[in-house]
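So the structure is just underneath, and the comments pick up after that.
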Amino acid sequence: MIHRFLTAGAVALMAGTAMAQSDGEMVTTFTLSNGMDVVVVEDHRAPVVQQMVWYRIGSADEPVGQSGVAHFLEHLLFKATDNMESGEFSATVAANGGQDNAFTSFDYTAYFQRVAADRLELMMQMESDRMVNIRLTEDDIATEREVILEERNQRTDSSPQALFREQMHAAQYLNHRYGVPIIGWRHEMETLDMEDALSFYETYYAPNNAILVVSGDVDPAEVKQLAETHYGGIPANPDLPDRLRTSEPPQTTARRLVMQDERIAQPYVQRSYLAPERDAGDQETAAALYLLSELLGGGTTSYLANALQFDQQVAVYTGVFYNGLSLDDTTFSFLVVPSEGVTLEEAEAALDATYARFLEDGVDAEQLERIKLQLRASEIYARDNVDGIANRYGRALTSGLTIEDVQAWPDVLQAVTPEQIIAVAKEVLHPGASVTGYLMKETPAEEITQ
């Protein structure tokens, strides 16, 4: 059965008005008999389509002791199958004028191809093949294990900032697997083998654990027929385990860490708090937190920038970060880079005093309305990109949200009041759920002994 979810703008789109093309989306969903969910988002302005297969499995679902196996397997899926040689998948996409790639997060692993609309069936044929027919060799395992280790070298081990973020996450999560890096801990990555990869693949790479998202110049009925042809015959995994996550205990004690590295040219202080994510049917708290982050740290006109960078001139950069798209509790973070001659302790004290003053002053209503207007505009512009559209739905659905939640999010943001923002700030950002970190240049030994 096909279900269509239409916004008011989407109804206008069906009527062919210009307004509807930028103010609404037409989304069709259905489920194949093997349990695979399918989402189709129509956009007929250009003959382009993006196919994405999202697996409800990420690094936070990995077996203990096998950190990095989700990302490792992502690499291995570009190797041979029963019907394709190693590397043939991407070569075929490129030969047809398209682009493809994949990515792994805490909560999902996704594969995509962006091609001309008339190449969709070929993409489905190849993607469905590697869902079930991957064929690995010991050489594949050895080669890709070295690739991911080198990736860790380049992106993490060679960057003190990345290592610092890794340590901040590990300190933030006392019991949850979000405290383990997506790429994995090096000592566990080095031991990943064929059995680890195939066990993960055979358990989680199944149609009843996947969401197919197709966006662009497509007809939902044709997509349904193609999906049934290429994905519908793949058997579901009847033994797919429930998605059980370890939960965080109550966080009651503030934690602090200091990381020193001789490569640091610019020290900074960062503080993160455990914070709730967007929940299905209940996104108001997350919306208030998102607007709080924009008010406090959303660019050079934000509250912290005005106070710390321009008025007090104790910082050269301030930032506040919150992303509610997460299956479980996420983080809300502050970052302050002090000006020359300002210590990290002074920068932290200035941050604390400025944030306390913000809570006393309350939200500037005019600034809030400007942010809401900018968000409304960015939501509209995002609909011009088939990649962005497919990503928005895929990330949300694999994070426990629904189609209705995705489409309601802009209105939920617009409905948040100044009072709700202050209330959620006082409720969520409490010291017991915080980690404060200093990233600084390594102190020479002679200075320590003096």
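The values are calculated or read from the model by the stated rules, or taken from the named source; none is laboratory data. This structure is a prediction, so every number in the text was calculated from the model and none was measured. Glycine also receives a Cβ, built like all others from the backbone with ideal geometry; neighbour counts cover every protein chain displayed. Areas reflect the complete protein model, heavy atoms only, side chains present, ligands, DNA and RNA absent. Shrake-Rupley method; radii C 1.70, N 1.55, O 1.52, S 1.80 Å.
Tally up the carbon and sulfur contribution to the accessible surface of the stretch 251-381 as a whole percent, 1.4 Å probe, everything protein left in place. Write down the numbers at each step before the final one.
Numbers: 3080 of 6150 Å².
The computed percentage sits at 50.
Quick one: net charge around Gly97, please, counting Lys, Arg +1 and Asp, Glu -1 for every other residue with C-beta under 13 Å from its C-beta. Numbers along the way, then the final one.
Details: positive: Arg114, Arg119; negative: Asp100, Asp118.
For residues surrounding Gly97, the net value is 0.
Using a probe radius of 1.4 Å on heavy atoms only, what accessible surface per residue do you get for the chain? Whole Å² is fine.
Values: 19810 Å² over 450 residues.
With all protein chains present, the chain gives 44 Å² per residue.
Mean separation of Cα pairs under 8 Å and 6+ residues apart, divided by the residue count of the stretch 46-169: what relative contact order is that in percent?
Values: 155 pairs, mean separation 38.6, N = 124.
Relative contact order, the stretch 46-169: 31 percent.
Order Asp107, Asp364, Asp387, most accessible first, counting only protein heavy atoms with a 1.4 angstrom probe. Don't skip to the answer; put the middle values down first.
Numbers: Asp107 5, Asp364 85, Asp387 45 Å².
My answer, sorted largest first, is Asp364, Asp387, Asp107.
Short version: ³J(HN,Hα) in whole Hz for each residue of the stretch 50-61, in order, from phi by Karplus 6.51 cos²θ - 1.76 cosθ + 1.60 (θ = phi - 60°), x for Gly and Pro, what are they?
10, 9, 10, 10, 10, 9, 7, 7, x, 5, 6, 9
Residue by residue through the stretch 307-320, which ³J(HN,Hα) values in whole Hz follow from phi under the Karplus form 6.51 cos²θ - 1.76 cosθ + 1.60 (θ = phi - 60°), with glycine and proline marked x?
Per-residue couplings from phi come out as 6, 8, 8, 9, 6, 8, 6, 9, 9, 9, 7, 9, x, 9 Hz.
In percent, how large is the relative contact order of the chain, given Cα pairs closer than 8 Å and 6 or more residues apart? Provide the component values of the computation, followed by the final result.
Values: 824 pairs, mean separation 92.2, N = 450.
After rounding, I find 20 percent.
Between Ala94 and Glu222, with labels modelled 7 Å along Cα→Cβ, what's the label distance in nm to one decimal, could you check?
Inter-label distance under the simple model: 2.8 nm.
Only Cα pairs within less than 10 Å get springs; with that Gaussian network setup on the chain, which residue of Ala390, Ala70, Ala365 has the largest fluctuation?
Fluctuation is largest for Ala365.
Write down the Kirkwood hydrodynamic radius of the stretch 168-247, to one decimal in angstroms, obtained as one divided by the mean of 1/r over all alpha carbon pairs. Mind dumping the intermediate values first?
On the way: mean 1/r = 0.0614 Å⁻¹.
Radius from the Kirkwood sum: 16.3 Å.
Based on the Cβ-Cβ distance from Asp279 to Glu138, what FRET efficiency comes out when R0 is 35 Å, to the nearest 0.05? Intermediate results must be reported in sequence, preceding the final value.
Numbers: r = 44 Å, r/R0 = 1.25.
The computed FRET efficiency comes out at 0.20.
Summing +1 for each Lys or Arg and -1 for each Asp or Glu, what net charge is found among the other residues whose Cβ lies under 9 Å from the Cβ of His230? Present the calculation step by step, with values, prior to reporting the outcome.
Details: positive: none; negative: Glu121, Glu127, Asp129, Glu228.
With Lys, Arg at +1 and Asp, Glu at -1, the neighbours total -4.
Near Ala350, within a Cβ-to-Cβ distance under 11 Å, what is the net charge of the other residues, with Lys and Arg +1 and Asp and Glu -1?
-4
Quote the FRET efficiency, to the nearest 0.05, computed for Glu195 versus Glu151 with a Förster distance R0 of 25 Å and r equal to the Cβ-Cβ distance.
On the way: r = 22 Å, r/R0 = 0.88.
It comes to 0.70.
At a 1.4 Å probe radius, which order do Phe78, Phe332 fall into by accessible area, largest first?
Phe78, Phe332
Please give the solvent-accessible surface of Glu284 in Å², to the nearest 10, using a probe radius of 1.4 Å with every protein chain present.
About 90 Å², rounded to the nearest 10.
Label-point separation (nm) for Arg245 and Glu360, each offset 7 Å from Cα along Cα-to-Cβ?
Distance between the two pseudo-spin positions: 3.8 nm.
Order Arg130, Arg376, most accessible first, counting only protein heavy atoms with a 1.4 angstrom probe. Don't skip to the end; give the middle numbers.
Numbers: Arg130 0, Arg376 75 Å².
Heavy-atom accessible area, descending, gives Arg376, Arg130.
Please label the shape of the chain as rounded, prolate or oblate, based on the square roots a ≥ b ≥ c of the eigenvalues of the alpha-carbon gyration tensor (a/c under 1.5 means rounded; beyond that, a/b larger than b/c means prolate, else oblate).
Numbers: a/c = 2.11, a/b = 1.31, b/c = 1.61.
It is oblate, given that a/c is not under 1.5 and a/b is not larger than b/c.
Which one, Glu138, Glu277, Glu379, has the greatest fluctuation when you compute a Gaussian network model over the chain with C-alpha springs under 10 angstrom?
Glu138
With a bin width of 5 angstrom, please list the P(r) values of the stretch 210-256 as percents of all Cα-Cα pairs, from the 0 bin to the one holding the largest distance.
Taking all Cα pairs of the stretch 210-256, the binned fractions are 4, 12, 16, 12, 10, 10, 8, 7, 8, 6, 7, 1 percent.
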